[in-house]
Amino acid sequence: MERARRCNAALQRCTLSIALALASASAAAPGDSFYQTPFERHPSVAALTLLGGQLFADPRLSASGAVACATCHVPARAFGPANALAVQLAGPDGRSPGVRAVPSLTYTESIPPFTEHFFDDDGNDSTDQGPAGGRTWDGRAATVHDQARLPLLSPFEMANRSSADVVARVRDGASSAAFREAFGPHVFDDPERAFRGILWALEVYQQNPAEFYPFTSKYDAWLRRKVELSAAEERGRRVFDDPARGNCARCHPDGIRDGAFPVFTDYGYVALGVPRNAAIPANADAAYFDLGLCGPYREDLAKHPEYCGRFRTPSLRNSALRQSFFHNGAVHSLRDAVRFYAERDRRPERWYMRGADGTVRKFDDLPAAYHHNVEVEPPFGGEAGTAPSLGDAEIDDLVAFLEALTDGYAPPPASR
């Protein structure tokens, strides 16, 4: 489980793993692992991809009949939200607010399962780097199909009461014939088996390279030596890599490793001390705190106070397409997200509310007992009132570099 090596090597691994899973599915006995679920028919990768795409776009899979996976994970927005809402609206009526910002589903193909003890092989594999891996903001889903299960049954999202309800919606919906064609005419006779088929189709669809990890940004073209970065993008890349300035590559590795292009995350967990977001209705309760790794939505690590406030580091690819940032959507522009890093400790009054006594309530979305968990490595740190760790020009350059991570870049004819 290496941070960077696994970043994009799945480009070749993915098809093989799916093929192996398909091969085992038709021969295994009931009760075996997810990938050994026996079906009447042996669906091809192409058939599962097509079926998964149909299910992903179908709002009838939700209790409200108005929310599809693609409602919040919009393909044209790198499978992230298309609006600036901190949390999206879904639930039983399709209008209920969630509790966390919706992440992008792109460049997640190589996320390893969650572990509390991560050892890298970057030359010092004896160092325990702590928690890493897993899907969602708190890593509680180990696989794509585990992740797909969560929104289908979450009261904040598609709000189905049970897996059987999901199966019934597919059985009675537009994808029914395609589902029977893929898995066999009697697939709906066993609801639990059919539910696994739904999750499997969604999983295979989300491993489609052309849509979910195409590596078609300007930065990828630069890595392939097809184009040059602009002067601002190159300056931004240097700030990004500089441990004394941006120090971004510390958690968002940006270099090729073992032939794999970077996905700009080490899959680790960090407490950033992001300001509390009053736009999330759950935050109206002063006693409510979203503590990430230690709860409330992940329960197995509740007795680890050292994890409280930590959320998984997302990929920075396609971040320029977003209109809300961080786990609680508290920031609404890419430039402000970069500014937060530069100013959090030196100009906290720009980011946090003041208490009744007039003092700045720093780290106000985290109980005081966990403030020591907050990240202090550069560009954080410094005394309040001193100059930000990054100047306006450096922030502009960093934003230019991050914009070069947006997929769909077409080099000019001369460059080609």
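The values are calculated or read from the model by the stated rules, or taken from the named source; none is laboratory data. Values in this document were obtained by computation on a predicted structure and should not be read as measured data. A quick note on method: Cβ atoms are made from the backbone with ideal geometry, for glycine too, and the neighbour counts reach across all protein chains shown. Side chains are part of the model used for accessible areas, which takes the heavy atoms of the whole protein and leaves out ligands, DNA and RNA. Shrake-Rupley method; radii C 1.70, N 1.55, O 1.52, S 1.80 Å.
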Could you give the angle, 0 to 90 degrees to the nearest 10, between helix 45-56's Cα long axis and the longest principal axis of the Cα atoms of the chain? 70
Leaving ligands, DNA and RNA out of it, work out the accessible area of Glu299 with a 1.4 Å probe and give it in Å² to the nearest 10. 150
Add +1 for every Lys or Arg and -1 for every Asp or Glu among the other residues with Cβ under 11 Å from the Cβ of Val102, and state the total. +2
If R₀ is 60 angstrom, what is the calculated FRET efficiency for the pair Arg238 and His186, using the beta carbon separation as r and rounding to 0.05? 0.50
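Scan region 327-416 for GluC sites (Glu not before Pro) in coil per DSSP, keeping those whose Cβ has at most 14 other Cβ atoms within 10 Å, and list them by number.
Glu383
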Quick check on the chain: helices-only [θ] at 222 nm, where DSSP H runs of length 4 and up contribute -39,500 (n - 2.57) each and the sum goes over total residues. Nearest 500, please. -8000 deg cm²/dmol
Full extension between Leu150 and Arg60 adds, at 0.36 nm per residue less the Cα distance, a length in nm of 30.8 nm
Per residue, accessible area of region 240-354 with a 1.4 Å probe, heavy atoms of protein chains only, in Å², comes to 40
Magnitude of the Cβ-charge dipole (Lys and Arg +1, Asp and Glu -1) of region 144-243 about the Cα centre, nearest 20 debye, reported as 220
Gained length - His42 relative to Arg95, 0.36 nm times residue gap less alpha-carbon distance: 15.2 nm
In degrees, nearest ten, helix 392-403 long axis to first principal axis of the chain (Cα): 10
Proximal lysines relative to Lys218, as straight alpha-carbon distance under 26 Å, when same-chain residues fewer than 8 apart are discounted: Lys226
How many nm is it between the label spots at Asp300 and Val360, if each spot is 7 Å from the Cα in line with the beta carbon? 3.9
FRET efficiency, Ala384 to Gln129 (Cβ-Cβ, R0 35 Å, nearest 0.05): 0.70
Leaving out ligands, DNA and RNA but keeping every protein chain, what accessible area does Ser333 have, in Å² rounded to the nearest 10, with a 1.4 Å probe? 40
Sort Met158, Met353 from largest to smallest accessible area, using a 1.4 Å probe on the heavy atoms of the protein chains. Met353, Met158
How large is the dipole of the chain about the Cα centre if only Lys and Arg carry +1 and Asp and Glu carry -1, each at its Cβ, rounded to the nearest 20 debye? 760
Protein accessible area in the chain, 1.4 Å probe - carbon and sulfur %: 54
Expected unfolding gain across Ala142-Ala368 under the 0.36 nm per residue rule, minus the alpha-carbon gap, is 78.3 nm
